Protein chains: 2
Amino acid sequence: MKTLQRRIVEEGKVLSGSFVKLDSFLDQHPDSDLMSDIGIEFYSRFKDRKINKILTLEDSGIAVAMVTGVSFGAPVVFAKRNKTMNVDPRCFKSRIFSYVKKIEYDVVVQRDSLRPGDHVLVVGDFISSGNAIKGLLDIIEQSGASLAGVGIVVEKTFQNGGNELREMGLKFESLTRIKSITDLGITFED
Amino acid sequence: MKTLQRRIVEEGKVLSGSFVKLDSFLDQHPDSDLMSDIGIEFYSRFKDRKINKILTLEDSGIAVAMVTGVSFGAPVVFAKRNKTMNVDPRCFKSRIFSYVKKIEYDVVVQRDSLRPGDHVLVVGDFISSGNAIKGLLDIIEQSGASLAGVGIVVEKTFQNGGNELREMGLKFESLTRIKSITDLGITFED
C-alpha cells in the first residue's frame, strides 16, 4: 500500500532501538479513510479463505480488527492481556514474551469465542519478533478452530517474526515491509 | 435501535450491582454488522454538525469510535488512561472518578490531536454516571476545540450521566436506554 508507506515516511516518529511510532494515523489517532482501506485490502487478500472470525490482541489491534471485520462482515474477537495471577478457566490462554517490553504475560480469549469449524484471520498493526501473533495462533490451535491466515499492517523485516510465520507455511500478508529504521530514516523492502 | 435492544435482552449477562455485560456482540466480541450499523446511526444523528474528529476513551470505546469515524470519514482520537504518576506535558489531562472501579485516574490526550477549530463528536459504549464522558468534555474545552455532541451506544437511565449531559444543553444521543437491570431481567425506556 503506497499511501501507507508515504504516511510512515512523512509522519512516523523514529525512536531509539528501531521503533517507529505511527500515532498520527494508525495507533493513537487513526485516519478512518486509511483504516477503511486497510480493511478492504485485507479482504481482497484473504477473501477466498472462508473467514468467519477476526482475532486480534487488544488494545493496539482493535481498530485494525474492527475495520477488517466490517470488510468481511465477520465478528471480531479480542484477545486480552491477563492482568491477574489467575486465569479464568473459561478462557484459552497462551504465554507471550514481549520483545518490546521485555516481560512475559498471558493473553486470554474466552472459550466460547472460538470454536472448531471457525476459520480465523489474525490481524495486527505491527509484527517484529512475532511472539504476540504466535500466542494467538496457539490459542486458535487450542480452540480447534482453523487458522485462515495472518494479516499485519506494518512488518519489520529486520526482525524475524514475519519470515518465521511464512516458513510455517501459513498465509501471511503484510501491507508494508520496513527494512530498516535508523536516525537517518526508514527504508522499505521493494 | 431495535436490533441492539433485542441483542441486549437475548445475550446480555446481568451481573450484580446493575451491570450488564455485552461481550458477545459489543465489547469483547463485536458483531461487525451491528457495529457498522451503529456507526451509520451516529452519522445520521449528528451529520449536520460539521464533525471532523471522533474522540473516545480507550479501550472500550475504540471499536465504536472506529466504525463511527469510518461513517463520518473523520479521524479518531483515543484518550488514554494515564498509568504513571506523571503526565506528559504534551498532553491534555482530566481526572476521572470511575463509578465502576471506585478509583480515580487521569485520562490524557496528546495536545496535537485536538485543536481550536475542530468539531468533536464524543462516542462511547456505555454511560452510567457519565464521569468518563465529562472528563473528555473537559479535555475538549482545554484544547479550544468545539464539542459537536455525545453519542453513546447504551445509556443506563437509572444512573444520571445521560440526563446531566442533556441538562448541560449539549446534543446527547443514546442508541438504547436501559431503565433497570435486575435478576429478573432488563427493562428499557419507551
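Among the numbered conditions (1) over 16 Å from A:Pro75 (Cβ atoms); (2) open to solvent by 30 Å² or more (accessible area, probe 1.4 Å); (3) out of contact with any helix residue (DSSP H, G or I) (no Cβ under 6 Å at 6 or more places or on another chain), the only one that B:Tyr43 does not meet is (3). Here A:Ser94 passes the criteria (1) farther than 21 Å from A:Leu26 by Cα; (2) open to solvent by 40 Å² or more (accessible area, probe 1.4 Å); (3) outside any helix (DSSP H, G or I) except the one numbered (2). When the criteria are applied in full, B:Val100 meets the requirement of being β-branched (Val, Ile, Thr) and either open to solvent by 70 Å² or more (accessible area, probe 1.4 Å) or modelled with pLDDT under 95 (or both).
Yes or no: B:Asn86 open to solvent by 50 Å² or more (accessible area, probe 1.4 Å) and either in contact (Cβ under 8 Å) with a residue 60 or more places away in the chain or not hydroxyl-bearing (Ser, Thr, Tyr) (or both)?
Working: open to solvent by 50 Å² or more (accessible area, probe 1.4 Å): yes; either in contact (Cβ under 8 Å) with a residue 60 or more places away in the chain or not hydroxyl-bearing (Ser, Thr, Tyr) (or both): yes.
In short, yes.
This table checks each residue for (1) touching a helix residue (DSSP H, G or I) at 6+ places or on another chain (Cβ under 9 Å); (2) under 23 Å from B:Glu58 (Cβ atoms); (3) in contact (Cβ under 8 Å) with a residue 24 or more places away in the chain.
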residue: A:Cys91; (1), (2), (3): yes, yes, no
residue: A:Arg95; (1), (2), (3): yes, no, yes
residue: A:Tyr99; (1), (2), (3): yes, yes, yes
residue: A:Glu104; (1), (2), (3): no, no, no
residue: A:Val107; (1), (2), (3): yes, yes, yes
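Inside the range B:1-81, counting only strands (runs of 3 or more DSSP E) that do not spill past its ends, which hold 3 or more residues that are facing chain A (nearest Cβ under 8 Å)? Correct list: B:76-81.
The values are calculated or read from the model by the stated rules, or taken from the named source; none is laboratory data. Nothing here was measured: the structure is a model prediction, and the numbers come from that model. With ideal geometry, Cβ positions are generated from the backbone for all residues, glycine too; neighbour counts draw on all protein chains shown. The area values use the complete protein model at the heavy-atom level, side chains included, leaving out ligands, DNA and RNA. Shrake-Rupley method; radii C 1.70, N 1.55, O 1.52, S 1.80 Å.
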